[in-house]
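Remarks on the structure that follows.
Each value in this text was obtained by applying a stated rule to the coordinates, not by laboratory testing. What you see is a predicted model, and the numbers here were worked out from it, not measured in a lab. Cβ: placed from backbone, ideal geometry, glycine included. Neighbour counts: every protein chain shown.
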Amino acid sequence: MKLDNLKQLYIHELNDLYSAENQILEALPKMVEATDDSRLKNAFMKHLELTKHQVRRLEEIFDQLGEKAESSKCEGMKGIIKEGESFIKKDKSFFRGDIDNDVLDAALIASAQRVEHYEISGYGTARTYAKHLGYTEQASLLQQTLDEESRTDRELTELAESSVNIKAAK
Ligand SMILES: [Fe+2]
């Protein structure tokens, strides 16, 4: 596919997001498993459900465009998730390999927020392209996901500041 206009770049962005969301779908259950903090577990489980809807929204947009999602892998998300998983796997090449459970929770939130910020950036761009290209309905679907990602990000900040970081600081 030649990227010779904004519509092609829009489709490229949508594919990137589609790959990112699918990688998140695989990563979230491991994050749920990795924490003993019930509030954090719930936050990740809630986001897993939201993510399933977000994948469906993207599929609806591909349908509207008469396009098929490509199987290309979003390398940006792959790297962010890999770093997060290095904490869970206690990867000695990434840090010393020992991590306290409460510190792991703080690291999991930091990693989840990196994911959210990547998505906020991608969805913001895609929404703006959709608007410019006159795809009003697609712009509003993308805005819905963007709002969910922003809300998740705020909830994670709240959880970090009100409890997880405090426990990790002890
Ligand atoms: Fe998402």
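The number of residues in the range 67-93 being β-branched (V, I, T) and within 17 Å of the chain's Cα centre (by Cα) comes to 2. Consider Q138 carefully, then state whether it is in contact with a Leu (Cβ under 9 Å, 6 or more places away or on another chain) and within 16 Å of R57 (Cα to Cα). When the stated conditions are applied, Q138 passes them.
So in the range 145-166, with the set limited to residues that are away from the ligand (no atom under 15 Å from the Cβ) and among the hydrophobic types (A, V, I, L, M, F, W, C), which one is surrounded by the most Cβ atoms within 10 Å (Cβ to Cβ)? Of everything passing the filter in the range 145-166, V164 is surrounded by the most Cβ atoms within 10 Å (Cβ to Cβ). Evaluate the range 10-30: report whether one residue or more is surrounded by 12 or more Cβ atoms within 10 Å (Cβ to Cβ), within 16 Å of the ligand (Cβ to nearest atom), polar (S, T, N, Q) and within 22 Å of H132 (Cβ to Cβ). Within the range 10-30 (the criterion being surrounded by 12 or more Cβ atoms within 10 Å (Cβ to Cβ), within 16 Å of the ligand (Cβ to nearest atom), polar (S, T, N, Q) and within 22 Å of H132 (Cβ to Cβ)), the answer is yes, since at least one residue qualifies. Filtered by the rule that a residue be closer than 19 Å to R127 by Cα, part of a helix (DSSP H, G or I), more than 15 Å from the ligand (Cβ to nearest atom) and in contact (Cβ under 8 Å) with a residue 24 or more places away in the chain, the range 61-93 gives F62, Q64, L65.
So which residues in the range 113-128 are more than 11 Å from the ligand (Cβ to nearest atom), over 15 Å from Q144 (Cα atoms) and either of a type in the set (F, W, Y) or touching a residue at least 40 places away in the same chain (Cβ under 8 Å) (or both)? Q113 - this is the single residue of the range 113-128 that is more than 11 Å from the ligand (Cβ to nearest atom), over 15 Å from Q144 (Cα atoms) and either of a type in the set (F, W, Y) or touching a residue at least 40 places away in the same chain (Cβ under 8 Å) (or both).
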